[in-house]
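The values are calculated or read from the model by the stated rules, or taken from the named source; none is laboratory data. All values reported here derive from a predicted model rather than from experimental measurement. So basically every Cβ, Gly included, is an ideal-geometry build from the backbone, and we count neighbours across all protein chains shown. These area figures cover heavy atoms from the full protein model, side chains too; ligands, DNA and RNA do not enter into them. Shrake-Rupley method; radii C 1.70, N 1.55, O 1.52, S 1.80 Å.
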Amino acid sequence: SSGGNNSGVQIFSSNITTIGAGTVTVTGTSGSGTFNNRGVELSSSNINVGTGTVSISGTSGAVTSSGNQGISFSSSNIVATGAAGVTLFGQGGTGGTSTNRGIDRSSSNITTAGGNVSITGFGGNSSLDSNEGIDASSSNISANGGNISIAGTAGNGTSNNTGLDLSSSNSSTSG
């Protein structure tokens, strides 16, 4: 693909719900355009599961500019009401100028009622900055009775390449 805004999977203003042990699996790989290429883009949406699992995996392709995330997750919620687990994996784009994040979460929530939460992100490499493994600003993660595992690996660039940025975020476990 050329140009920008090439997403493998886009979920906008939507609700995805399973009953019982149903699972939700989303896998996406973006095109190789110039900017804002996202493997999976989840915006203003909700994913609700009972005892099944949620698995989201996104990879951004090779790029020439900026803003290329494996998973872009904004103003959205993932809620597991049973013992379901949630797994997110993102690989940022390679090349371009900046902001090739593995997982870019903002103003979003993940909540489980007994399941584990695992979040893994790898920032892509670029010629400039902000290639975070995981940028989870203003977000909440809660595993009530489960464990939380967060692993971020920064990409290469000139500055502000952080493995994990949890600015203004909350993470909690209980049980």
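Could you tell me whether the range 74-82 includes any residue that is under 17 Å from GLY121 (Cα atoms) and surrounded by fewer than 24 Cβ atoms within 10 Å (Cβ to Cβ)? Looking for residues that are under 17 Å from GLY121 (Cα atoms) and surrounded by fewer than 24 Cβ atoms within 10 Å (Cβ to Cβ), one finds at least one in the range 74-82, hence yes. Only one entry of THR25, THR51 meets the criterion of being assigned to a loop (DSSP other than H, G, I, E, B), of a type in the set (Val, Ile, Thr) and under 30 Å from GLY146 (Cβ atoms), and that entry is THR51. Within the range 1-22, if we keep just the residues that are among the β-branched types (Val, Ile, Thr) and under 18 Å from THR59 (Cβ atoms), the residue that is least open to solvent (accessible area, probe 1.4 Å) turns out to be ILE11. Of all the numbered requirements in (1) within 17 Å of ILE56 (Cα to Cα); (2) part of a loop (DSSP other than H, G, I, E, B), THR87 misses one, and that requirement is (2). Look at the range 23-45: where a residue is at positive phi and surrounded by fewer than 19 Cβ atoms within 10 Å (Cβ to Cβ) and a partner is not polar (S, T, N, Q) and not in a loop (DSSP other than H, G, I, E, B), sitting 6+ places away or on another chain with Cβ atoms under 9 Å, you get SER44/PHE12. Return the total of residues in the range 121-135 being within 14 Å of the chain's Cα centre (by Cα) and open to solvent by 20 Å² or more (accessible area, probe 1.4 Å). Summing the residues that are within 14 Å of the chain's Cα centre (by Cα) and open to solvent by 20 Å² or more (accessible area, probe 1.4 Å) in the range 121-135 gives 1.
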